[in-house]
Amino acid sequence: MFAEVVFPLPFRNRFTYSIPEDLQRFAAVGVRTVVPFGKRKLTGYIVNITSKSAVTEDVKPLEDILDDIPVFDQRMLEFYEWIADYYLSSPGDAVKLAMPYGADVETKRKVIVDPERCKELLLSEKKKNTVKKKILEVLAGRVEINFGHLQKMSGKKNIYSAVRSLEEAGALTVISELSEAKVKAKKINFIRLAKSPAELYILIPEIERRSPKQVKLILDMLSLKGEEATLSEVLKRSGVSKASADSLAAKGFVEIYEQEIDRVYAELYSEIQQEFLLTEAQEKVINEVSADIDVSNFKAYLLYGVTGSGKTQVYIELVKKTLAKNKSAFILVPEISLTPQITSRFTNNFGDKVTVIHSRMSPGERYDSWRRVLKGKAKVVIGARSALFAPLKNPGLIVVDEEHDASYKQFDSAPKYNARDCAVILAKFSNCPVVLGSATPSVESMWNAETGKYSLLSLPERIDNAKMPGITLVNIADEKKKRKMENVFSSLLIEKIKERLNKKEGVIILQNRRGFSTQMYCEDCGELEICDNCSVSMVYHINQNTINCHYCGLVKKVPPACTNCGSLKLKFFGAGTERVEDELEYHFPNAVISRIDSDSISRKNTLSQILFEFSKGDIDILVGTQMVSKGLDFARVTLVGVISAEATLWLPDFRSDERTFQLLTQVAGRAGRSKAEGEVIIQTQNDKHFTLLKVLANDYRGFYEREISDRKRHLYPPFSKLCLIEAKDQTAGKARGAINDFYKELHKYRNRLIISTPASAIIARLKGFYRFQIMVKAKRDIDPSGAIMRKAVIDSFVEFNRRSRYRDVKLFYDVDPQSVI
């Protein structure tokens, strides 16, 4: 028997291994296996088992099988293969999405150093500029270092021959160690009585004569009346040491045993379950989708419901129908800011059938949540984009809430998938309906609904007779001329906040930039303080008195003088959430103010705690970035203020108008979600801008028609498929050379594709890497699925790899990019 195995490595091949006889009953499609791969041992995924192999010589055997239950089945394997094909990644990278972080086993190479020998060799290499010299400089004064760290520190990936040469010279030794998985099931000790209570009561006098402490432990155990108890709890309660428990176990009076326990993630935020009377529009939506749940039929729905129209309750009712059919459900939300409220409401309805998966959980909690799904204990999975790949059996419904949100796109690593689009494909493979919900649907989704690819469902009115909030645009340029600005606040917004605080109502303030000041520059020489690793300005954080890069994470102390000319005339410009919070504290010293951004909620459960206190009225004003715009549902919020509407409008990106309309409409929708009327104040530099006027009129249809017309004219999605190709290297010349060579290969396909000339990225340097890009467009009428475009990119890469002298430069492909910055 042979197994075909894929690895989370950048090649598309399957690798064949023989299956030893003792592993044959455990080997199956979808299980992880440990295998030799070159000089390493890696975790791979079995994707096929066959009795014949095209490879006949030197077939290595599998060494171990890691799973009792397959992580994915044939249906999910086809889904992962689709992801790999569509997003131009290796099958192994796609299949790796099925596993939680830290569950893999692999060999780690370690370099053991001889410091004296390294010093001798470094002297002989002193005048040279070689890879060997760079490695020796890194090793100086070290005893050992990980191989990967050595590659990073030396700035070279291909160090193998130099390391071998140094190993032969006696300067170092490379050893391989099989590392265990970073995360595994948690086991703790339990204790139970090994004899009946009647037997123990007879023996107590004898035990008490020899060891009174042991009697305390037995009496405590007897009081439990057979209930399970952890050893630590019993020892703590009875005040007895572990030695006493071990002694009783040795005598056969108690039994100490190990048992797995679940690390259950619990949100601090909670709500009292309410009974809702469904509106006619809600019932119509539920009935239509339920028909497909009943017959296991795939259909994609776009649920266009205004803010506060009760979309969450629709999802809950649909999940009830799904569970009644003994099926399971995915509920995707774009960010963790949405999970506390939606998790509380789903848990109130479905109890422990609900599990949560998102990045704020500890690796152990995420792993246990994933295992509950694998074992069939959880039937409803709620979470961000990675939750879509939980091993949920028999899906009957997939919901993508706030489907327009860019957070569904994986930006960092391959495959760069969009969870919204993947959800539609997974629903197709699973023969179940998928519901994409939003008050501001993406242009592509609304186009799909209008052309019949999706079915459009509507919730046109708010529930409980709540009215849409009134919106006011405040031109801050005019306000400055009239001297009606208090730093970042207009007089009108200050007055409105004061009114709401006097009525004990809730206020939300949006400023979509973190930090205190977004720029620091010298008044004398005009020099901006730029990040050492990225071509972006550093952001001033007043609480730590630091300047930070929000792209690479670099943190520096605020310089006392200009780093370019030495002038002391340093100025801070631009307002972030810290400054907004600071000014609110000045204007409203008696108000309780909390900030929600990625700086303030880094500690576990901080977000849940803040939202819970805000819901109770213990917090008066919530200041935050886009996190406060998404899905929050608090009846007490009657005022929303936006400090700067232009934060996303001025970005040089074809989606900037759409993103701004969505952000402002969504944050406006947080106000007036009950009988108390809501109000929204949006501060802007240009109150005549088309996008802002459509926000003011709450006119999604008008905005969409203008945007779809612009997209058609400029051939942007949905009228084309896009692929952004990027070359990255720490040397600008190499990155530029690589993108130019790739362009030469790709240019051959110019008759069928629109290919931009290579250019520097808008953020030209990021995390120490220079970036150059090519944008490829495939017209929808010629290449509707983007298949021609993807084949052209792959074929060009093969030729680039064969001919270019820059083939060691990293190339990245982003199909359907959400941003071109």
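The values are calculated or read from the model by the stated rules, or taken from the named source; none is laboratory data. Because the structure is predicted, anything quoted here is derived from the model rather than measured. Cβ sites come from the backbone with ideal geometry, for glycine too, and all protein chains shown count toward neighbours. Quick note on the areas: whole protein, heavy atoms, side chains included, nothing else; ligands and nucleic acids left out. Shrake-Rupley method; radii C 1.70, N 1.55, O 1.52, S 1.80 Å.
Kindly evaluate Ser644 against the criterion of being of a type in the set (Gly, Ala, Ser) and in contact with a strand residue (DSSP E or B) (Cβ under 8 Å, 6 or more places away or on another chain).
Here the answer is yes, as Ser644 does meet what is asked.
Go through the range 472-493 and give me each residue that's surrounded by 18 or more Cβ atoms within 10 Å (Cβ to Cβ) and either in a strand (DSSP E or B) or hydrophobic (A, V, I, L, M, F, W, C) (or both).
Leu473, Val474, Ile476, Met485, Val488, Phe489, Ser490, Leu493
Could you check the range 636-648 and list, in sequence order, the residues that are surrounded by fewer than 24 Cβ atoms within 10 Å (Cβ to Cβ) and under 29 Å from the mean Cα position of the chain (by Cα)?
Within the range 636-648, Ser644, Glu646, Ala647, Thr648 meet the criteria.
Restricting attention to the range 16-35, which residues are without any contact (Cβ under 8 Å) to a residue 40 or more places away in the chain and either open to solvent by 20 Å² or more (accessible area, probe 1.4 Å) or of a type in the set (Lys, Arg) (or both)?
Correct list: Glu21, Asp22, Gln24, Arg25.
Which condition from (1) open to solvent by 60 Å² or more (accessible area, probe 1.4 Å); (2) at pLDDT 85 or above; (3) under 21 Å from Tyr160 (Cβ atoms) is the one that Asn129 breaks?
(2)
Can you tell me which residue within the range 59-78, out of those that are surrounded by fewer than 21 Cβ atoms within 10 Å (Cβ to Cβ) and in a helix (DSSP H, G or I), is modelled with the highest pLDDT?
The selected residue is Glu78.
Looking at this structure, is Lys157 farther than 20 Å from Lys39 by Cβ, out of contact with any Leu (no Cβ under 7 Å at 6 or more places or on another chain) and of a type outside the set (Gly, Ala, Ser)?
no
Report, by residue number, each residue of the range 245-265 that is over 15 Å from Phe190 (Cα atoms), touching a residue at least 12 places away in the same chain (Cβ under 8 Å) and open to solvent by 40 Å² or more (accessible area, probe 1.4 Å).
Across the range 245-265, the qualifying residues are Arg263, Val264.
Given the condition out of contact with any Ser or Thr (no Cβ under 8 Å at 6 or more places or on another chain), open to solvent by 30 Å² or more (accessible area, probe 1.4 Å) and either closer than 30 Å to Ile530 by Cβ or part of a strand (DSSP E or B) (or both), answer yes or no: does some residue in the range 773-793 qualify?
no
Hey, any hits in the range 303-313 for a residue that's touching a residue at least 24 places away in the same chain (Cβ under 8 Å), open to solvent by 50 Å² or more (accessible area, probe 1.4 Å) and of a type outside the set (Val, Ile, Thr)?
Yes; the residues of the range 303-313 include at least one that is touching a residue at least 24 places away in the same chain (Cβ under 8 Å), open to solvent by 50 Å² or more (accessible area, probe 1.4 Å) and of a type outside the set (Val, Ile, Thr).
How many residues does the range 649-664 contain that are touching a residue at least 12 places away in the same chain (Cβ under 8 Å) and either out of contact with any helix residue (DSSP H, G or I) (no Cβ under 9 Å at 6 or more places or on another chain) or open to solvent by 20 Å² or more (accessible area, probe 1.4 Å) (or both)?
7
Mind telling me which of the residues Val400, Val443, Val435 ends up being more than 19 Å from the chain's Cα centre (by Cα) and under 21 Å from Gln626 (Cβ atoms)?
Val443
Could you run through the range 222-233 and say how many residues are more than 17 Å from Glu258 (Cα to Cα) and in contact with a strand residue (DSSP E or B) (Cβ under 6 Å, 6 or more places away or on another chain)?
0
From the list Val539, Val580, exactly one residue is buried (at least 20 other Cβ atoms within 10 Å of the Cβ) and closer than 21 Å to Ile821 by Cβ. Which is it?
Criteria check complete, one pass: Val539.
Might you let me know whether the range 727-742 holds any residue that is modelled with pLDDT of 95 or more, polar (S, T, N, Q) and open to solvent by 30 Å² or more (accessible area, probe 1.4 Å)?
Yes, the range 727-742 has at least one match.
I'm trying to understand the selection: among the residues of the range 132-153, which are open to solvent by 40 Å² or more (accessible area, probe 1.4 Å) and outside any helix (DSSP H, G or I)?
Ala140, Gly141, Arg142, Val143, Glu144, Asn146
Of the residues Lys569, Lys503, only one is within 18 Å of Ile621 (Cα to Cα) and exposed (fewer than 14 other Cβ atoms within 10 Å of the Cβ); which?
When all the criteria are applied, what remains is Lys503.
Can you spot a residue in the range 252-271 that is farther than 30 Å from Met361 by Cα and assigned to a helix (DSSP H, G or I)?
Scanning the range 252-271, I find no residue that is farther than 30 Å from Met361 by Cα and assigned to a helix (DSSP H, G or I), so the answer is no.
Quick one: would you say Glu168 is open to solvent by 40 Å² or more (accessible area, probe 1.4 Å) and out of contact with any strand residue (DSSP E or B) (no Cβ under 6 Å at 6 or more places or on another chain)?
Here the answer is yes, as Glu168 does meet what is asked.
Looking for something part of a loop (DSSP other than H, G, I, E, B) and free of Cβ contacts under 8 Å to residues at least 24 places away in the same chain - is there at least one such residue anywhere in the range 738-753?
Checking the range 738-753: at least one residue is part of a loop (DSSP other than H, G, I, E, B) and free of Cβ contacts under 8 Å to residues at least 24 places away in the same chain.
For Ser594, work out the one condition from (1) out of contact with any Asp or Glu (no Cβ under 6 Å at 6 or more places or on another chain); (2) hydroxyl-bearing (Ser, Thr, Tyr); (3) part of a loop (DSSP other than H, G, I, E, B) it doesn't fulfil.
(3) is the only condition that Ser594 fails.
Restricting attention to the range 396-417, and to residues there that are among the aromatic types (Phe, Trp, Tyr) and open to solvent by less than 20 Å² (accessible area, probe 1.4 Å), which single residue is nearest to Leu457 (Cα to Cα)?
Going through the qualifying residues, I end up with Tyr408.
Condition (residue is loosely packed, with under 15 Cβ neighbours inside 10 Å and outside any strand (DSSP E or B)) applied to the range 809-817: is it met by at least one residue?
No, the range 809-817 contains no residue that is loosely packed, with under 15 Cβ neighbours inside 10 Å and outside any strand (DSSP E or B).
Restricting the range 694-713 to residues that are in contact with a strand residue (DSSP E or B) (Cβ under 9 Å, 6 or more places away or on another chain) and in contact (Cβ under 8 Å) with a residue 12 or more places away in the chain, which is surrounded by the fewest Cβ atoms within 10 Å (Cβ to Cβ)?
That would be Leu696.
Out of all the residues in the range 141-154, is one or more among the aliphatic types (A, V, I, L, M), within 38 Å of the chain's Cα centre (by Cα) and either at pLDDT below 85 or within 20 Å of Lys734 (Cβ to Cβ) (or both)?
Checked against the condition, which is being among the aliphatic types (A, V, I, L, M), within 38 Å of the chain's Cα centre (by Cα) and either at pLDDT below 85 or within 20 Å of Lys734 (Cβ to Cβ) (or both), the range 141-154 yields at least one hit.
What are the residues in the range 423-450 that are open to solvent by 40 Å² or more (accessible area, probe 1.4 Å) and under 17 Å from Arg706 (Cα atoms), if any?
Trp447, Glu450
Out of (1) under 25 Å from Asp653 (Cβ atoms); (2) crowded, with 18+ Cβ neighbours inside 10 Å, what's the single condition that is false for Ala759?
(2)
So Ala84 passes all but one of these: (1) in contact (Cβ under 8 Å) with a residue 60 or more places away in the chain; (2) hydrophobic (A, V, I, L, M, F, W, C); (3) closer than 23 Å to Pro20 by Cβ. Which condition number does it fail?
(3)
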